[in-house]
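This report concerns only the one structure given below.
The values are calculated or read from the model by the stated rules, or taken from the named source; none is laboratory data. All values derive from a computational prediction rather than experimental measurement. All Cβ positions, glycine included, derive from the backbone under ideal geometry; neighbour counts span all protein chains shown.
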Amino acid sequence: MKLSRSWLQDYVDLSEVTADDISRAITFLGFEVEQVVHTGAPHFELVVAGRILTREKHPNADKLSVCTVDVGPAHGGVRTIVCGAPNCDAGNHVPVALPGAVLPGDFVIKEAKVRGQASSGMMCSAKELTLADDAQGLLLLNGEPAPGTPLNALLPPGDVVFDIEITPNRPDALSHLGVARELAAWFGKELRYPAVSFTPAAISSDPRPDLLASVRILAETDCPLYTATVVTGVKIGPSPDWLQRRLAAVGLRPINNVVDAGNYVMLEYGQPVHAFDAARLAGAEIIVRPAAEGEKITTLDGKERALAAGLLVIADAQKPVVVAGVMGSAEAGVSATTTDLVLEVACFRRQAVRAASKRLGLASDSSYRYERGVDAHSLDEAAHRFIDLILAHAGGAIAGPIHRVGGFAPWEREITVTPAFINEKLGFEIPAEKMRAALESLELVVTREEPTEARGPAWTFSIPSWRDDLDRPIDLVEEVVRLHGTEKIPSSVITAPGLVGDDDPIVWFNRRVAAALVGQGFHECVNYTLRPAAEVAAWTPPAQVAALALANPFVEDQSHLRSSLIGGLLESLRLNQSRGVAASRLFETGRVFLERDGQLSECVAAAFVLAEETGERSWRPREAADFYTAKRHAATLAALAGIELERQPTALVAAPAPGWQTGHAATAGDIRHGWTSTFGLVDLAHLKALGITGKVYAGFFAIVSEKVTADSDRRGYKPFSLQPAALRDLALVVPAATPAVEVQKAVAKHARAATGPTFALESVELFDLYTGKGVPENHKSLAYALTFRASDRTLTDDEVNTAFTKVQADLTAAGFQIRK
Amino acid sequence: MQDQLAALLAKAAAELPALATRPDFEAAKARFVGPNGELTALMKQMGTVPKEQKPAVGKLINEAKTTLQSHLDAALSRLEAAELAARLGPAIDPTLPSPDRAPGTFHPLTLVREEMTRILRKVGFTVVEGPEVETEYYCFDALNTPADHPARDAQDTFYLPASARFGNVSKKTPGERYLLRTHTSSVQIRTMLKGKPPIRIVSPGRVYRRDTTDATHSANFHQLECLYVDKNVTVRDLKALLDYIFASLLGKETKTRFRPHYFGYTEPSFEVDLSATHLPKVNKPWIEIGGCGMVDPVVFQDVGYDPEIWSGYAFGMGLERLAMLLYGIDDIRYFYQNDVRFLRQFA
């Protein structure tokens, strides 16, 4: 909201306060100052109107003149002034800066000699006074002002406009009077209310029931009070200059003396008002009612709008003429030919105005104030002020008593508070008398003061009707600290009584993932949670995509919640590739949304992408990444959530999974059981469509957020043998499609069974995978290293051989072919 | 005999140092000391030596044998050293770059978040997490934001369709809608409902606003919020926390100041300004950095805490904004592009 300094001056005397200090006061009263704009001429000291009496050529300079100038008896009468301007002709009225004046740019005027000729002041151009950017010669003053008249008296007054943001709790400050009240409290000044001269008792002229006979409210909840005043015989014309200037200063275009008066009252009191042309109202009744579906109104902005059923309107006998509290119709508005007025000043429920404004997509200064709350108990005063301004500027007479329909109980609110309470909440001491003075400066009045046993006086304050935000003792704490000055809140050393707790397990999971993957050369990324539908479709089962859509996306490419982190990481990879930046390993941790049993679950997730080609050229190339690289990192992610991926059933990703390359990606776990992991090669066609070159492997791990748990209990120590091991190698030929894990399990099972009670199989490790010569077609050879060890002795060859022979016999019996 | 031995030793001393390969060495060794070697042949002549000369000749032979062996040993170690050198190749150039992958990097938002939580940990704040999909109750109602408040508009807040169902985000009332949280304050409510005071938590996390993305706005960004609930918590304590945080983060010369403000869930409420002109790209005496205030009694009532007994403060700020300030970053979008040249700068 814009505030004019000169306007504020009407209500509080800030003539001695600089604009900077006002700005600062507004800031520390709790309203952010967004901009301060100085308009008009600056204040000039010792710059007055002068009349040039004579002009003669300077004896020592071609381009200079020596003039005698009358600057008025108060400033020494006639002075001699040397001037270089072409238009310093006798008879001209010009501004004269007298010795001692300081012109913009800190240019001090002194008694001087110019080329040997005494000069007692300076005649000024508009540019020298910063009244114009450019000037030819002296500024000529119109109207033959009396010599000695201060220049400022001849110029339109300057102003300072503060553009400030009013917090939603302070609708009372959406007016000059409201902010003036705050400033008066801050600077310890008196608040001067506008002098309202109208009184209902003073109405002398007869009613005009032909213009307005009655007001009827058919929506009492939404409109608790409506007042209408008939004014006849007005003359529409421009508002006085000062009023036009004020409106223009705060950004409102002056229209005419009636509309301007309405805007003026709104900006003065914060109470929106409206004026109808009485001649354009059909019938003689104003009806406040809900609109019928489809009713139309062409609002002042020239747009025809269809109303929805229930929107609150002010209507005449035939049609809506105002969307209540939002905007009036062009038709019933005031025009140049208007002579009779109906002035509306009403109270509308904020929700009703908000609903209409929202529904119509139409906001106005009026709706803005109603939505935030207008003080209904100041309504009559604003109405009287409105009438005053109309009569003063547009003439006319009030016809009959004010129609006043509805009403409510008088405002009454009290809050009892003790200074001790306030000091306890603040944690530092403000003297009781200062507190009381601060609250009283905001027009809170002490109605009772009672001593309490241990807490000093208990003050009961009556709260003014415009401060609906003050309801509890704590609210008065804020008022006190606000006026005390929040800058003065003392610093102190933080005290932290011990509270024992640990960070959430999810936090630890994310930290460990980041540490592990950063250690493996991955760069951590952060991508948007909201993704385009096409990307989500690549990483989500088709039936589940729709559930991830937002009801009200803002932009098309951010329409869905993410179900995977890989889409974002691929986008980051693409961006780096397109910028020619080598990036081969990226990861992210964050929330994803996965469907479980027909419902979405918010899950904690981590994912990585790794490009087979690093994009970096190297003088000594290293082995390229492959599926098993991805598997290793996927296992790391799972392990950090307490899951041993190698022990989990792992299968190829089943179609349809458009993001993954068929036959080259695997999955383990199931989100229905709490977690899932998928890893492998990203679908090559998908990569191509994204514009990514080269193979990219990826891994994804997600766990339902509530299943991320703190570290499990410490594991117990298991003794280990210090005896030497016995090693045997064993190769099996199996069909190519047999999963290696099945063969390994069989070897381990039989090897474990074949050892006696006194020694054991320690490990089975795959050390070779072979196809080719010596192995039948469509078969493969898997070679395992078996390690045996006893806990108490060195094993003899005999006993190991016996066991190993049995392992081979058992495997053969189980259908495996031993490769000799 | 003596002459023969001397000749043999001289020959060995001449030949052995010249040997270049191990097979040559083995052949030479056989030639001198093998079963058919020259020394062996001389030793076999012992039988022909007169008995009284035998001790002296035996001694000569032993000495020659020892000397010969030392020649052989020397030759062998010389060859071994040469072999080792051949296997190692020439000396490395220590200035060549390592072709192995360097460690990755932490995202600057992670670094800033971790730095903040570390600072807060020292004064007892522990990190809590909460869902990013929230309900109207936790995001608004419980925070004293009434149903008709503009912040709840579909114009400003992302909503899920009425049909959306979440298995692990609990609703307080059956009719309320799911939305993307607009602030991390919802975590305060969940924490207070779950636990008992005293409480001292920090909740960093993602939040969402229906905002046009530009250099300073992003549809999702990160906040960090502190909540402290205890007996006799005061405005002065809140100021002490802010002073502590920013002196720890930015140095002792940093100052904070409060300006009165309005938030539905705190009373009194303040905006926090920071004076940190020593930072890069800071050209204003005061920079707005966050909002704070004393927890409103209404919020306590809503979570079942008696406001006559419990008091507390809350403080919240944007992590991107802080990171931009700390590092002198001038465009919030860089955080979400993940250009590796950007990411590498902060680790």
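Among the residues of the range A:6-40, which ones are in a helix (DSSP H, G or I), at pLDDT 95 or above and surrounded by 15 or more Cβ atoms within 10 Å (Cβ to Cβ)? Step through it out loud before you land on a result.
Residues of the range A:6-40 in a helix (DSSP H, G or I): A:6-9, A:19-29.
Next, only the ones that are at pLDDT 95 or above stay: A:7-9, A:21-29.
Matches in the range A:6-40: A:7, A:8, A:9, A:22, A:23, A:24, A:25, A:26, A:27, A:28, A:29.
Being within 30 Å of residue B:234 (Cβ to Cβ) and either in contact with a Lys or Arg (Cβ under 8 Å, 6 or more places away or on another chain) or β-branched (Val, Ile, Thr) (or both) narrows it down to one of A:422, A:402, A:387, A:398, so name that one.
After applying the criteria, what remains is A:422.
Give the range A:544-580 a look and list any residue that's in a loop (DSSP other than H, G, I, E, B) and more than 8 Å from chain B (Cβ to nearest Cβ), or say none.
Passing the criteria: A:545, A:559, A:562, A:563, A:564, A:565, A:580.
Cβ-Cβ distance below 8 Å, separation of 6 or more or different chains: which pairs start in the range B:20-36 with a residue that is assigned by TED's automatic domain parsing to the domain that holds residue B:6 and end on one that is among the hydrophobic types (A, V, I, L, M, F, W, C) and surrounded by fewer than 13 Cβ atoms within 10 Å (Cβ to Cβ)?
Here the result reads none, with nothing in the range B:20-36 linked to a residue that is among the hydrophobic types (A, V, I, L, M, F, W, C) and surrounded by fewer than 13 Cβ atoms within 10 Å (Cβ to Cβ).
Looking at the range B:304-317 only, could you name the residues that are in contact (Cβ under 8 Å) with a residue 40 or more places away in the chain and surrounded by fewer than 19 Cβ atoms within 10 Å (Cβ to Cβ)?
Passing the criteria: B:304, B:309.
Take residue A:442 and decide whether it is more than 7 Å from chain B (Cβ to nearest Cβ), closer than 22 Å to residue B:259 by Cβ, crowded, with 16+ Cβ neighbours inside 10 Å and touching a Phe, Trp or Tyr at 6+ places or on another chain (Cβ under 9 Å). Steps first, answer last, please.
Numbers: more than 7 Å from chain B (Cβ to nearest Cβ): yes; closer than 22 Å to residue B:259 by Cβ: yes; crowded, with 16+ Cβ neighbours inside 10 Å: yes; touching a Phe, Trp or Tyr at 6+ places or on another chain (Cβ under 9 Å): no.
Spelling it out, it is not the case that residue A:442 is more than 7 Å from chain B (Cβ to nearest Cβ), closer than 22 Å to residue B:259 by Cβ, crowded, with 16+ Cβ neighbours inside 10 Å and touching a Phe, Trp or Tyr at 6+ places or on another chain (Cβ under 9 Å).
With the checklist (1) more than 17 Å from residue A:45 (Cβ to Cβ); (2) in contact with a Ser or Thr (Cβ under 7 Å, 6 or more places away or on another chain) in hand, flag the one item residue A:104 doesn't pass.
Exception for residue A:104: condition (1).
Can you tell me which residue within the range B:132-148, out of those that are part of a loop (DSSP other than H, G, I, E, B) and at the interface with chain A (Cβ under 8 Å from one of its Cβ atoms), is surrounded by the most Cβ atoms within 10 Å (Cβ to Cβ)?
The qualifying residue surrounded by the most Cβ atoms within 10 Å (Cβ to Cβ) is B:132.
Does residue B:263 satisfy being touching a Cys at 6+ places or on another chain (Cβ under 6 Å) and within 10 Å of chain A (Cβ to nearest Cβ)?
Here the answer is no, as residue B:263 does not meet what is asked.
Tell me yes or no: at least one residue of the range B:53-68 is within 14 Å of chain A (Cβ to nearest Cβ) and without any contact (Cβ under 8 Å) to a residue 40 or more places away in the chain.
No, the range B:53-68 contains no residue that is within 14 Å of chain A (Cβ to nearest Cβ) and without any contact (Cβ under 8 Å) to a residue 40 or more places away in the chain.
Output the residues belonging to the range A:277-330 that are under 21 Å from residue A:403 (Cα atoms) and small (Gly, Ala, Ser).
A:278, A:279, A:282, A:283, A:284, A:315, A:317, A:324, A:325, A:328
Looking at the structure I just gave you, is residue A:467 in contact with a Lys or Arg (Cβ under 6 Å, 6 or more places away or on another chain), in contact (Cβ under 8 Å) with a residue 24 or more places away in the chain and more than 7 Å from every other protein chain (Cβ to nearest Cβ)? Break it down stepwise before answering.
Numbers: in contact with a Lys or Arg (Cβ under 6 Å, 6 or more places away or on another chain): no; in contact (Cβ under 8 Å) with a residue 24 or more places away in the chain: yes; more than 7 Å from every other protein chain (Cβ to nearest Cβ): yes.
Against the criterion (in contact with a Lys or Arg (Cβ under 6 Å, 6 or more places away or on another chain), in contact (Cβ under 8 Å) with a residue 24 or more places away in the chain and more than 7 Å from every other protein chain (Cβ to nearest Cβ)), residue A:467 does not qualify.
Among B:30, B:13, B:20, which is loosely packed, with under 13 Cβ neighbours inside 10 Å and aliphatic (A, V, I, L, M)?
Going through B:30, B:13, B:20 in turn, the sole match is B:20.
Of all residues in the range A:581-619, count the ones that are among the polar types (S, T, N, Q) and more than 7 Å from every other protein chain (Cβ to nearest Cβ).
We begin by selecting, within the range A:581-619, every residue among the polar types (S, T, N, Q); these are A:584, A:589, A:599, A:601, A:614, A:618.
Pick out the ones that are also more than 7 Å from every other protein chain (Cβ to nearest Cβ) and you get A:584, A:589, A:614.
Going through the range A:581-619 one residue at a time, the tally reaches 3.
Looking only at strands (runs of 3 or more DSSP E) that lie completely in the range A:632-699, which have at least 1 residues being over 20 Å from residue A:587 (Cβ atoms)? So that I can check it myself, show each step before the final result.
Working: elements: A:650-652, A:660-670, A:675-682.
In the range A:632-699, A:650-652, A:660-670 are the strands (runs of 3 or more DSSP E) which contain 1 or more residues that are over 20 Å from residue A:587 (Cβ atoms).
Determine if the range A:343-360 includes at least one residue that is away from chain B (no Cβ under 14 Å) and surrounded by fewer than 20 Cβ atoms within 10 Å (Cβ to Cβ).
The answer is no; no qualifying residue exists.
Read through the list (1) surrounded by 14 or more Cβ atoms within 10 Å (Cβ to Cβ); (2) more than 30 Å from residue B:267 (Cβ to Cβ), then give the number of the only condition that residue A:91 fails.
Every condition holds for residue A:91 apart from (1).
Does residue A:742 count as without any contact (Cβ under 8 Å) to a residue 60 or more places away in the chain and part of a loop (DSSP other than H, G, I, E, B)?
no
In the range A:514-543, how many residues are more than 11 Å from chain B (Cβ to nearest Cβ) and more than 32 Å from the chain's Cα centre (by Cα)?
6
Filtering the range B:333-346 down to residues that are within 8 Å of another protein chain (Cβ to nearest Cβ) and not in a helix (DSSP H, G or I), which residue is surrounded by the fewest Cβ atoms within 10 Å (Cβ to Cβ)?
The extreme case among them is B:344.
Here's a check for you: in the range A:555-565, which residue that is surrounded by 18 or more Cβ atoms within 10 Å (Cβ to Cβ) and of a type outside the set (Ser, Thr, Tyr) is farthest from residue B:208 (Cα to Cα)?
A:565
Please go through the range B:248-277 and give me each residue that is touching a helix residue (DSSP H, G or I) at 6+ places or on another chain (Cβ under 8 Å), of a type outside the set (S, T, N, Q) and not in a strand (DSSP E or B), ordered by number.
B:249, B:250, B:264, B:265, B:276
Yes/no per residue for (1) surrounded by fewer than 21 Cβ atoms within 10 Å (Cβ to Cβ); (2) free of Cβ contacts under 8 Å to residues at least 40 places away in the same chain; (3) out of contact with any strand residue (DSSP E or B) (no Cβ under 6 Å at 6 or more places or on another chain); (4) of a type in the set (Val, Ile, Thr):
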{"site": "B:153", "(1), (2), (3), (4)": "yes, yes, yes, no"}
{"site": "B:162", "(1), (2), (3), (4)": "yes, yes, yes, no"}
{"site": "B:165", "(1), (2), (3), (4)": "yes, yes, no, no"}
{"site": "B:173", "(1), (2), (3), (4)": "yes, yes, yes, yes"}
{"site": "B:187", "(1), (2), (3), (4)": "no, no, no, yes"}
{"site": "B:197", "(1), (2), (3), (4)": "yes, no, no, no"}
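Which residue, of A:568, A:580, is buried (at least 19 other Cβ atoms within 10 Å of the Cβ) and within 26 Å of residue B:341 (Cβ to Cβ)? Write out each step before concluding.
Details: A:580 fails: buried (at least 19 other Cβ atoms within 10 Å of the Cβ).
Result of the check over A:568, A:580: A:568.
Looking at residue A:637, is it in contact (Cβ under 8 Å) with a residue 24 or more places away in the chain and closer than 30 Å to residue B:161 by Cβ?
no
With respect to residue A:268, is the statement that it is in the same structural domain as residue A:351 (by TED's automatic domain parsing), at pLDDT 95 or above and surrounded by fewer than 24 Cβ atoms within 10 Å (Cβ to Cβ) true? Steps first, answer last, please.
Working: in the same structural domain as residue A:351 (by TED's automatic domain parsing): yes; at pLDDT 95 or above: yes; surrounded by fewer than 24 Cβ atoms within 10 Å (Cβ to Cβ): yes.
Yes, satisfied.
Return only the number of the condition from (1) more than 29 Å from the chain's Cα centre (by Cα); (2) free of Cβ contacts under 8 Å to residues at least 24 places away in the same chain; (3) farther than 30 Å from residue B:194 by Cα that residue A:511 does not satisfy.
Looking at each condition in turn, residue A:511 falls short on (3).
If a residue has to be surrounded by fewer than 19 Cβ atoms within 10 Å (Cβ to Cβ) and closer than 23 Å to residue A:276 by Cβ to count, how many in the range A:244-253 make the cut?
The qualifying residues number 3.
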